[in-house]
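Read through the structure below, which is laid out as structure tokens, and then see the notes.
The values are calculated or read from the model by the stated rules, or taken from the named source; none is laboratory data. Because the structure is predicted, anything quoted here is derived from the model rather than measured. In this analysis, Cβ positions are derived from the backbone assuming ideal geometry, glycine residues included, and neighbour counts consider all displayed protein chains. Heavy atoms of the whole protein, side chains included, go into the accessibility calculation; ligands, DNA and RNA do not. Shrake-Rupley method; radii C 1.70, N 1.55, O 1.52, S 1.80 Å.
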Amino acid sequence: METLMVDRVHSSLRLFMNRNAVFLCERLCAQFPAETNVQLLATCYLHNNQPYAAYHILKGKKLPESRYLFAISCFRMNLLREAEETLCPVNEPNIEVPSGATGHYLLGLIYRYTDRVTAAAEQFTQALTLDPLLWAAYEELCILGVAEDANECFTEATALRLQQEQASTSNLEKSNFVNENRVLSPNVSASLVDISPKHIKQLSANNTAEVPGYPHLRATALHVQNSVPSNVLQFDTPSPTVTQTSGTAPPPLFRNLHAYQNTTSGDAPAKPKVNAVNQPPRRKYLDEARLKKVTGRLFNTSNDSVPRRSARLSRDTPINSNSNISQFGGNGPDHSSGKLRVNSSTSSKLCSTAIRSVQVRKGKPRATEIFDEGSRYEAVDEMWTDNIVATSSSLSIAEGRCFEQDKAERILSQDSKMATGIRELMGLLRTLGEGYRLSCLFKCQEALEIYRKLPEPQFNTGWVLCQVGKAYFELVDYLEADHFFELAHRLSPCTLEGMDIYSTVLYHLNEEMRLSYLAQELIFVDRLSPQAWCAVGNCFALRKDHETALKNFQRAVQLDSRVAYAHTLCGHEYSALEDYKNSVKFYRCALQVDERHYNAWYGLGVVYLRQEKFEFAEHHFRRAFQINPRSSVLMCYLGMALHALKRDEDALEMMEKAIFSDKKNPLPKYQKALILVGLQKYQEALDELERLKEIAPHESSMYALMGKIYKQLNILDKAVFCFGVALDLKPPAADLAIIKSAMEKVHLPDELMDDDDL
């Protein structure tokens, strides 16, 4: 009952019948409350999204598997401290982490979410050492920014180790192959020489084979016990009826019935048929007491009986003195002698001929046992086997050797395919791992080059296309990012990973209609996913409905509090609403989830910059820049903070780096011009703005700054012209009043102008 219930529970879990598995497993634990069954019940609860139930039944359990399942339950319930104590008890420092690589991976996640980056990296590295194919561990190392080069992680040595681990199955097959070779070996028993490989396969698949026309005769399959093959053939031979002994030759007592059919006349038994249902293996001595009761009636001594088969064979079949004698284990009372039974009416001449043939072949006489007249006796009668052995022994040995060679080649071929497959897998993981590592280090251009090396079937997958889209997003190439995200979404419309970034790309491109359609699609796919609600929030943020956008971002945080980007988007909306206190709160929550989430550091820097806390702003911008040292936007904002701190030379240097990093970004050029104006380098500032005009010809703030510079140079007509162009470009409401005021005061001297004017 227990075995049946366990099997049904596993079957239900495989078929995703989680409720059925829970019900059956609860009955199982009620009837058989073993800890292994409790572990199975906890597994059912976890599959059914009931971690609290698994937590309750596993609390206090000490087996490693129970500890791991309990830690999983605690992790899902956000009880990180209790999960850590379960995996690494304080009072037992030398105890091993349960469940091997996955246990270390879980412990690494706990350390990561509790801001212990170094300890987390150690656990992820240990997990990857135990299981080189645990991609999630390498992914976490990349997110932490401490992953080693993929070429050093997924090496040829790792492939060799995996090949050795996979060799256990191959070794088992080889051991079975050796055992079968022992059965085929002519040194084990001369009686097995005439067994062909086809018969071996047939006999190993069925315990017994029934001979047509002789349903009472069953030959059991060969069994290997203690690595020693048995050469004793077992037969169940009840006393036949008169019709069976008078008109039909008895069946041959050996397995190779095909050889017998090829060497006898039409009265030979037909080809054996394998039973449809496998019979259980029979004992070596089957009903020995019943076999002992077989009397002389088995071989009728009546003169009216037909001639013995040995006599017919002596007339029809020549004797080959060079043939080997096949020896068979008998089932009679003296089965150790290995002799066959003959009739007492056999002529003495025939018997003497048989004995002489034995002496010629073996070089020594074969013992003959004769019992008293009227009782049962046995004698050697192997003349009918001479022709069989002579014609089949050499062929069978050749077939056996060919079979051994074919099987050895097949095993070597399988090993070669396994080694090739492991090397190919390691090569694929090296490419994917190196691309992902470079992406996490924000070396996006190098990552794109790595991803392009992937074969086409691997490149055209949702995960890879999303990674390519993220790389272009970090490069501020929103058009290319949109292209690859759209391909990924079209190829795999139910993939949600990366769709929050895709929605931000559409936000920057002002694609309101497409963003709205994407949000509806994601809600339809999974309304409980944080990515879907981030897309909805971005849709409302694009419409300047910041309060509704904030509600959707908070919904995403509620669904999964470990999504750092959702916290950051909440911070952006609070910042847009000028609620800086809550904005800072959400940015810090994002950093608790992922310390390397540079967007949150950037958000904090912007908040402090607006609050004119320039030192704090410079600190947070620098932290973001250390994480993503190739971002032109971060360089520009760091330069702005330095300029606010009156560190103009450092600010100019940072702006130069930003311009060199992304020549298409207009912001650092404009900020550089502002710094040059502050340093009264007007001509250099005008030159920079002229270069900016080629990139962003419709930027109103650029023309307003040019008007201010021309006024300082006392070129008033050009100043008025630039202020007019700035007004025609419909600047924001906050800038509109400032530009109008500067245009009205263009003919006034600088001493009469307010400090707020431009």
TODO: Run the quick spin-label model on Trp135 and Asp7: label points 7 Å from Cα toward the beta carbon, then report their separation in nm to one decimal.
DONE: 3.5 nm
Task: Accessible surface of the stretch 582-652, 1.4 Å probe, proportion on carbon and sulfur as whole % - done: 47 percent
Task: Per-pair calculated FRET efficiency, R0 = 22 Å: Lys551 and Glu521 via Cβ, rounded to 0.05 - done: 0.60
Task: Cα-centred dipole magnitude for the stretch 618-721, charges only on beta-carbon of K, R (+1) and D, E (-1), debye, nearest 20 - done: 220 debye
Open item on the list: Just to be sure I understand the model, the point goes 7 Å from the Cα along the line to the Cβ. What's the resulting Asn49 to Asn94 distance in nm?
Closed with: 4.5 nm
- [ ] Report, to the nearest whole %, how much of the accessible area of the stretch 490-576 belongs to carbon and sulfur atoms, 1.4 Å probe, protein only.
- [x] 51 percent
- [ ] Just add up the charged neighbours of Arg527: K/R +1, D/E -1, any other residue whose Cβ is under 14 Å from the Cβ of Arg527.
- [x] -2
Task: Estimated FRET transfer efficiency when R0 is 51 angstrom, pair His483-Leu577 (beta carbons, to 0.05) - done: 0.95
- [ ] Apply 1/(1 + (r/R0)^6) to the Cβ-Cβ distance of Leu63 and Asp735, taking R0 = 60 Å, and write down the FRET efficiency to the nearest 0.05.
- [x] 0.30
TODO: Would you tally the net charge around Glu2, using a Cβ to Cβ cut-off of less than 13 Å, leaving Glu2 out, and scoring K and R as +1, D and E as -1?
DONE: +1
- [ ] Give Lys646/Lys745; Lys551/Lys672; Lys657/Lys740; Lys613/Lys718; Lys581/Lys664 a once-over and call out the pairs whose C-alpha atoms are over 31 Å from each other.
- [x] Lys551/Lys672; Lys657/Lys740; Lys613/Lys718; Lys581/Lys664
TODO: Name the residue farthest towards the positive end of the dipole of the stretch 96-173 from the options His104, Ala147, Leu160, assuming +1 on Cβ of Lys and Arg, -1 on Cβ of Asp and Glu, about the Cα centre.
DONE: His104
Open item on the list: Based on the alpha-carbon set only, what is the convex hull volume of the stretch 52-174 divided per residue, in Å³?
Closed with: 131 Å³
Task: At q = 0.17 Å⁻¹, base-10 log of I(q)/I(0) for the stretch 423-559 (Debye sum, equal scatterers on each alpha carbon) - done: -0.89
- [ ] Compute the signed sum of charges (Lys and Arg +1, Asp and Glu -1) over the other residues within less than 12 Å, Cβ to Cβ, of Cys25.
- [x] 0
- [ ] Only Lys, Arg, Asp and Glu count, each charged at its Cβ (+1, +1, -1, -1), so figure out the dipole size of the stretch 1-149 about its Cα centre, rounded to 20 debye.
- [x] 700 debye
TODO: Let me know the Kirkwood hydrodynamic radius for the stretch 655-758, please, with Cα pairs as the basis and the value in Å to one decimal.
DONE: 13.9 Å
